[in-house]
1. Please find, within the range 336-359, the residue that is modelled with the lowest pLDDT out of those that are in contact with a helix residue (DSSP H, G or I) (Cβ under 7 Å, 6 or more places away or on another chain) and among the charged types (D, E, K, R).
2. Based on this model, can you work out whether Asp606 counts as without any contact (Cβ under 8 Å) to a residue 60 or more places away in the chain and in a loop (DSSP other than H, G, I, E, B)?
3. Quick test for you: out of Val631, Val617, pick the one residue that is part of a loop (DSSP other than H, G, I, E, B) and in contact with an Asp or Glu (Cβ under 8 Å, 6 or more places away or on another chain).
4. Take Gly580 and decide whether it is within 27 Å of Arg361 (Cα to Cα), assigned to a loop (DSSP other than H, G, I, E, B) and in contact (Cβ under 8 Å) with a residue 24 or more places away in the chain.
5. Can you spot a residue in the range 511-519 that is more than 20 Å from Asn342 (Cα to Cα), touching a helix residue (DSSP H, G or I) at 6+ places or on another chain (Cβ under 6 Å) and either of a type in the set (Lys, Arg) or buried (at least 20 other Cβ atoms within 10 Å of the Cβ) (or both)?
6. Just for the range 385-437: of the residues that are of a type outside the set (S, T, N, Q) and in contact with a His (Cβ under 7 Å, 6 or more places away or on another chain), which one is least open to solvent (accessible area, probe 1.4 Å)?
7. How many of the residues making up the range 167-198 are more than 16 Å from the ligand (Cβ to nearest atom) and more than 23 Å from Ile547 (Cα to Cα)?
8. Quick one: which helices (runs of 4 or more DSSP H) sit completely within the range 73-186 and have at least 2 residues that are open to solvent by 10 Å² or more (accessible area, probe 1.4 Å)?
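The values are calculated or read from the model by the stated rules, or taken from the named source; none is laboratory data. Small disclaimer: the values here were computed from a predicted structure and weren't measured. Every residue, glycine among them, receives a Cβ derived from its backbone with ideal geometry; neighbour counts consider all protein chains shown. Just the protein is used for accessible areas: all its heavy atoms, side chains included, with ligands, DNA and RNA removed. Shrake-Rupley method; radii C 1.70, N 1.55, O 1.52, S 1.80 Å.
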Amino acid sequence: MSSPRALALLAKMTLAEKIGQLVMVAGTHTVTGPVAAPDLVLRVRQARVGSVLNLFGENETQALQNVAIRETRLGIPLLFGLDVLHGFKTIFPVPLAEAAAFDPDLWERTARAAAEESVEVGLHLTFAPMLDVARDPRWGRICESPGEDPWLGARFAEAKVKGFQAPPHGIAATAKHFVGYGAVTAGRDYAPVDMSERALQEIHLPPFAAAIGAGVAAIMPAFTDIAGVPVSAHPGLLRGLLRERWGFDGVLISDYNAIAELIHHGVASDLADAAALALKAGIDIDMMSPAYEEGLPLALERGTATVADIDAAVLRVLALKERLGLFDARRREMPKKDALANRRALARDAARRSIVLLTHREPVLPLKSDQVIAVIGPLAQAQRDMLGSWAAAGADDETITISESLRAALPNAKITFARGTAIDDGDASGLADAVDAARRANVVLLCLGEACHMSGEAACRAIPELPGRQRELAEAVFDIGKPVAVLLSSGRPLMLPWLFERAHAVLATWFLGSEAGHAIADVLTGRWAPSGKLPVTWPRAVGQIPIFHAQRNSGRPENPADSFTSKYLDVPNSPQFPFGHGLSTTTYAYSDLRVPESGSLGKPVDLSVTVANTGTVAGEETIFAFLRDVVATVARPMMELKAMAKVALKPGERKTVTLQLTPGAFQFFGLDGLWTAESGDFEVLVGPSADRAFLLFARIQLT
Ligand code: BGC
């Protein structure tokens, strides 16, 4: 229902003013930060722009806002948006890393902090959370996503939407990229998508449904097509599913230039055609394409667009502006300035909880305080490369490096540094020095991985291994025979079987943000027992992709004794590390899984399990509950994540933890196109990861 103010404004608007509300234009980047170029100021003055992206700063936004409010006929305020994915100024871990914390409360708190910092610089809207289920490490955007699992993605969606939009300093969130973008062909960005209705419903849609359930203000359709229909011109998905079936009444914002790109897709012949298709499908705001401004008037003349659709879009944009309080003369109350220290502490906590101890073959952690430690590799002194792909206003020089933080954490250790080689060029002139430093040390920390620009949008890699000559460096260091712990910076799983074999320990340190160095030092020195777990299955080889835990059994499941079963000749089926994998410097034992023998469809099921800390240091463990519908009208995955819990345990302590399977956990997308649960046996698998060898099993019969 539109407000009287919005309806009154609409009644006064000319066609050009209406279209202006549907146009989003970018600020210009300069060395001193973003500015509103004269052309943008002019367009705002002419009421040809309704919202602006990539412009922030209290003064910069206010100056342009004043033009919109004071110098246009109707004085409608602008909406300012930016990609605040994992922090604005204080940068938190990239989403894939933060997902590894499996901690909705943390996800919410970091989003809330990012929103506060955004409000301080005049922003109203973020193009986040990114909710694409991603199962292909070649795709650079896997690092922006919460990983491979729809249930996990849904929890991430709820937490992020709640956090970003939390009053009193909330901003509007945008769930993106709706939908199926994670399934781009061959892991190549922007490439076509083909998928079954089942995959769409069961894998890719649930995080978006959860975001809508949490009240997300906006949704951004993906750049890509699904089976030949670009999502930006997909009436079935946008109007039919989002608006009519799910009742989403927020704003649909196109991706950058995506409406004009309908011409490249080959479904529109010119801008008017493209604009008509997008509007008809339901897109309200045209981000950075000329389609709505130039094309809609012509489309109206041609009769391919209607004023009624334009009006409806304008009313949704005005409703968002009202919801954000933009029409209120009263200035928004700003967050307290002393929040900065708290945000850095939060960033450190988020970062250390995101680190995943992948291997620990020989006891090398925690580091002792009185030894000679050689910190080697191109990422040891990196700053920008600690931040990740959407670092907004994160400052490189406010980012703590690994070697700097280690020196501070271990003042009695002798810490030497050698770069060895660059991240990705052929310069290996530092190799000899690095080998020398390793020889003189008791222990080596090898800081390897990707530059942060190698993950993210348009950053796909057909061979996701160590770039440049880093392997040569690593092998030379391993050959010396000293204990080596590897810190692996990346926005994706990297396929490095040789490294996992040779290193004493490997930690996935992703792109952890402003406090990366301190967080890594916390883990290396034993101040924090590693607790992160993989939100994505880590392949051994590119040929295994896509690989994920929720696979179906097939009619010929792998059998080593039978060659005509589902397997490779050259690589095992099993991943390098399963979903949920993550070691610690302590150990846990699971016992006593209790699941009722029977239950009723439509009712939740409570189960419990006992977890003991069997090691010598305190730690936090994430417990997973997976489900398998044993026999159904549709073959179901061998396991699907349906619940999780966290427990903090002191050495020797044990706790019994309860997890709940909701009625929805037992449902699937039925042959009749409806979500359904069928009576029969369900297998419940509970444990530390998706590795069957460590899971406790029980059965429940539902009628
Ligand atoms: C990306 C979006 C982003 C937008 C605005 C696009 O290229 O796909 O994720 O929100 O740019 O920066």
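1. For the range 336-359, the residue satisfying everything is Arg343.
2. no
3. Selected residue: Val631, the only one of Val631, Val617 that is part of a loop (DSSP other than H, G, I, E, B) and in contact with an Asp or Glu (Cβ under 8 Å, 6 or more places away or on another chain).
4. Here the answer is yes, as Gly580 does meet what is asked.
5. Among the residues of the range 511-519, at least one is more than 20 Å from Asn342 (Cα to Cα), touching a helix residue (DSSP H, G or I) at 6+ places or on another chain (Cβ under 6 Å) and either of a type in the set (Lys, Arg) or buried (at least 20 other Cβ atoms within 10 Å of the Cβ) (or both), which makes the answer yes.
6. This residue is Gly388.
7. Residues flagged as more than 16 Å from the ligand (Cβ to nearest atom) and more than 23 Å from Ile547 (Cα to Cα) within the range 167-198 amount to 4.
8. 104-120, 150-164
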